[in-house]
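Novice: Just passing along the structure, written as structure tokens.
Coordinate-derived values only; no laboratory data. The shown structure was predicted, so the numbers you read here are calculated from the model rather than taken from an experiment. Here the Cβ positions follow ideal geometry from the backbone for every residue, glycine too, while neighbour counts run over all protein chains shown.
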Amino acid sequence: MIRAPHPMLDGLNTPASRALLESLMTDPLLAPENLEWRERAREVADKYVRPVAWKYDRLQEYPWEVQEQLKAYGLYKVFVDKEYGGAGCSVLNLCLVVEELAKACGGIGVGFAVNALGSFPIMIGGTDEQKERFLPEVAAGNHLVAFGLSEKNAGSDAGGMACSAVKDGDQWVLNGHKKWNTNGAIAHVNTIFAVTDPESRSRRISAFVVQRPGSGEELGDIEGFRIAKVEDKMGIRAIPVVELEFDNLRLDSDRLIGGRPGVGFKHAMMTLDKARPGVAAQAVGCAQGALDLALVYATNRVQFGQPIASKQMVQQLLADGAQKVAAARQLVHAAARHVDAGTKEANKYAAMAKCFATDVAMEVTTDAVQIFGGYGFMRDYPVEKYMRDAKITQIYEGTNQVQRLVIARNLIKEASKLDHLSHYMPIPEDQR
Ligand code: CAA
């Protein structure tokens, strides 16, 4: 049986708590357009996501009722270019929307964000005809999109994939599998990466659009495309993560993204630069959502004759959490601005935001459970879900170990800008 959240959480609805939470959310650095997207997403989150978050977590089913609202509020437009029915792709606005959704449910947050991840390869590398054909339905919220890069033996080493596509006349024949495909079972459009030139080092991989007929709950099967496994997960349980299997799946040549083979890996990396701030925003949402609950609990829970919020050790957990979330949010916004402006530092900032915000999410959600004490450990209350939802953010869209590798590679490249400091080093003159 699904239990409603504890009445204790009614505390979230008092005017004082609302005003406090509101003040914590103020951001004078955002433009009116950004605030508008945030408000729109917050309304969806408060009215339609939070009330059903725990139900779908228990059921481990996709929340089609929420999908209808995401569509009705036009949220899918936020990451699609204006020419194709979107509002103009702004990664900053995307991050604001994802944070609000994830504050109510981390699973629904990523279930939304992954549509941007799956669409970016088409937006980055697709032909005008491909953009025309696929993006307007995505912007309208009619077609969901998934992203197929990882495989059983190719997670962090994405370039080591084995799934192959071989040209046969006017068609490509796809064989192999994709692992940990978020939304793969319910997506009308799957962006799939496959090896098209096994001999090449730098032009080995290409990306394809694999479309299934129908949409929403009415998705049809296609020959050669099978959902081999639906994963049973620790968190983000409202969203299906699946294994896809391709067995001689025939694709017309116009499904090759960009119309030329060999640029898939580069486009996958560029896609991840654009999408990682979104996962980082999901993490900020999880952290803020858990912190909000912990704050309300701490101000209501009485022990030793006083609310536990009056205890310095609890105050430290709240204060550290608030600092970490605020710092993570600002780094996410900085990364989104670098990506939107197309700066040289976008790759480094996207990795830093993803790594920092997701580590923060794990720390803050764990501390929120700690503040709830024994109640926090129980599935009767929502706070433990935030901790479970947060864990995957340190793993997907590139583990935090990969993010650190990307950051360090950037730093090492940038080290030449610091040559003037070599005079202060114990380096012989002729080796400088
Ligand atoms: N932009 C453009 N090009 C890039 C690039 C970028 N950000 N990063 C790399 N490239 C190019 C390089 O310039 C290089 O090009 P040349 O061959 O022409 O020189 C080529 O790509 C190969 O680059 P590397 O040598 O750096 O590649 P690598 O094999 O060492 O891998 C890696 C680098 C960073 C570890 C990469 O494999 C990686 O990001 N791995 C993690 C994969 C990942 O994030 N998976 C997530 C799956 S999606 C998911 O999880 C979603 C979900 O469920 C929600």
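Novice: Express in nm, to one decimal, how much length is gained between Ala319 and Lys167 on full extension, taking 0.36 nm for each residue of separation and deducting their alpha carbon distance.
Specialist: Numbers: separation 152, 0.36 × 152 = 54.72 nm, distance 5.84 nm.
Gain in length upon complete extension: 48.9 nm.
Novice: Could you tell me which residue out of Thr196, Met270, Gln67 lies farthest along the dipole of the chain toward its positive end? Charges go on the beta carbon: Lys and Arg +1, Asp and Glu -1, centred on the Cα centre.
Specialist: Farthest along the dipole direction, towards plus: Met270.
Novice: Mind listing which chymotrypsin sites (Phe, Trp or Tyr not before Pro) in segment 296-381 are in a DSSP loop and have 16 or fewer other Cβ atoms within 10 Å? Provide the component values of the computation, followed by the final result.
Specialist: Values: sites: Tyr297, Phe304, Tyr349, Phe356, Phe372, Tyr375, Phe377; in loops: Phe304, Phe377.
Taking segment 296-381 and a limit of 16 other Cβ atoms within 10 Å, the loop chymotrypsin sites (Phe, Trp or Tyr not before Pro) found are Phe304, Phe377.
Novice: Between segment 342-407 and segment 248-287, what is the C-alpha centre distance in whole Å?
Specialist: 22 Å
Novice: Among Met352, Met378, Met362, whose mean-square fluctuation peaks in a Gaussian network model of the chain (Cα, cutoff 10 Å)?
Specialist: Met378
Novice: How much length is gained if the chain between Arg379 and Asn175 is pulled fully straight, taking 0.36 nm per residue apart and subtracting their Cα-Cα distance, in nm to one decimal?
Specialist: Details: separation 204, 0.36 × 204 = 73.44 nm, distance 4.14 nm.
Contour length minus the Cα-Cα distance gives 69.3 nm.
Novice: Using mean Cβ contacts within 10 Å as the protection proxy, how do 381-387, 338-344 order, highest first?
Specialist: Values: 381-387: 23.4, 338-344: 15.6.
The packing order, highest mean first, is 381-387, 338-344.
Novice: Pulled fully out, how much extra length does the chain show between Glu129 and Ser422, if you take 0.36 nm times their separation in residues and subtract their Cα-Cα distance? Each step should come with its number before you reach the end.
Specialist: Numbers: separation 293, 0.36 × 293 = 105.48 nm, distance 5.23 nm.
Going from the current span to full extension adds 100.2 nm.
Novice: Amide H of Val241: which non-local residues (sequence gap of 5 or more, or other chain) have their own amide H closer than 5 Å, using H built in the peptide plane?
Specialist: Those qualifying (amide H under 5 Å, at least 5 residues apart or on another chain) are Asn183, Glu231.
Novice: Here is a further query. Of Lys103/Lys179; Lys274/Lys417; Lys77/Lys348; Lys348/Lys417, which sit over 23 Å apart, Cα to Cα? Could the numbers behind the result be given before it?
Specialist: Working: Lys103/Lys179 27 Å; Lys274/Lys417 26 Å; Lys77/Lys348 27 Å; Lys348/Lys417 16 Å.
In this structure, Lys103/Lys179; Lys274/Lys417; Lys77/Lys348 lie more than 23 Å apart at Cα.
Novice: How do Glu99, Glu199, Glu83, Glu231 line up, fewest other C-beta atoms within 10 Å first?
Specialist: Details: Glu99 30, Glu199 6, Glu83 12, Glu231 15.
In order of increasing Cβ crowding within 10 Å: Glu199, Glu83, Glu231, Glu99.
Novice: Calculate the radius of gyration of the Cα atoms of segment 266-415 to one decimal place, then report Dmax, the largest Cα-Cα distance, as a whole number, both in Å.
Specialist: In Å, with Rg to one decimal and Dmax whole: 17.3, 61.
Novice: Relative to the longest principal axis of the chain, what angle (0 to 90°, nearest 10) does the C-alpha long axis of helix 15-25 take?
Specialist: The angle comes out at about 40 degrees.
Novice: Counting pairs of Cα atoms in the chain, how many percent are more than 42 Å apart?
Specialist: Numbers: 15535 of 93096 pairs.
Distances greater than 42 Å cover 17 percent of the Cα pairs.
Novice: If you count the DSSP beta bridges with both ends in the chain, what percent of them are antiparallel, to the nearest 5?
Specialist: Details: 30 of 35 bridges.
Of the beta bridges lying entirely in the chain, close to 85 percent run antiparallel.
Novice: As a test of the formula, what do you get for the chain when each DSSP H run with n ≥ 4 contributes -39,500 (n - 2.57) and the sum is divided by the residue count, at 222 nm and rounded to the nearest 500 deg cm²/dmol? Walk me through the intermediate numbers first.
Specialist: Details: 12 runs with 211 residues, N = 432.
Only helices count here, giving -16500 deg cm²/dmol.
Novice: Explain nothing, just the number: relative contact order of the chain, from Cα pairs under 8 Å at least 6 residues apart, as a whole percent. Working shown, then result.
Specialist: On the way: 812 pairs, mean separation 71.2, N = 432.
It rounds to 16 percent for the chain.
Novice: Where a ≥ b ≥ c are the square roots of the eigenvalues of the C-alpha gyration tensor, would you call segment 145-262 rounded, which needs a/c under 1.5, or, failing that, prolate if a/b is larger than b/c, or oblate?
Specialist: Details: a/c = 2.12, a/b = 1.31, b/c = 1.62.
Cα axes put segment 145-262 in the oblate bin.
Novice: Hey, another quick one. For helix 312-341, report the angle its Cα long axis makes with the longest principal axis of the Cα atoms of the chain; keep it between 0 and 90° and round to the nearest 10°.
Specialist: Here the helix axis deviates by roughly 30 degrees.
Novice: Residues in segment 288-303 near a label at Leu29, defined as backbone nitrogen under 18 Å from the 7 Å Cα→Cβ point?
Specialist: So the set is 288.
Novice: Return the loop-located trypsin sites (Lys or Arg not before Pro) in segment 155-243 (DSSP other than H, G, I, E, B) with at most 10 other Cβ atoms within 10 Å of their own Cβ; answer none if there are none.
Specialist: Working: sites: Lys167, Lys178, Lys179, Arg201, Arg203, Arg204, Arg226, Lys229, Lys233, Arg237; in loops: Arg201, Arg203, Arg204, Lys233, Arg237.
Passing both the DSSP loop test and the Cβ count: Arg201.
Novice: Okay, next question. Could you tell me the calculated FRET efficiency between Asp46 and Lys71, based on Cβ-Cβ distance and R0 = 25 angstrom, to the nearest 0.05?
Specialist: On the way: r = 18 Å, r/R0 = 0.70.
Computed FRET efficiency for Asp46 and Lys71: 0.90.
Novice: Let me ask you something else. Comparing Ala328, Ala154, Ala287, which has the greatest mean-square fluctuation in the GNM of the chain with Cα pairs linked when under 10 Å apart?
Specialist: Judging by the Gaussian network model, the answer is Ala154.
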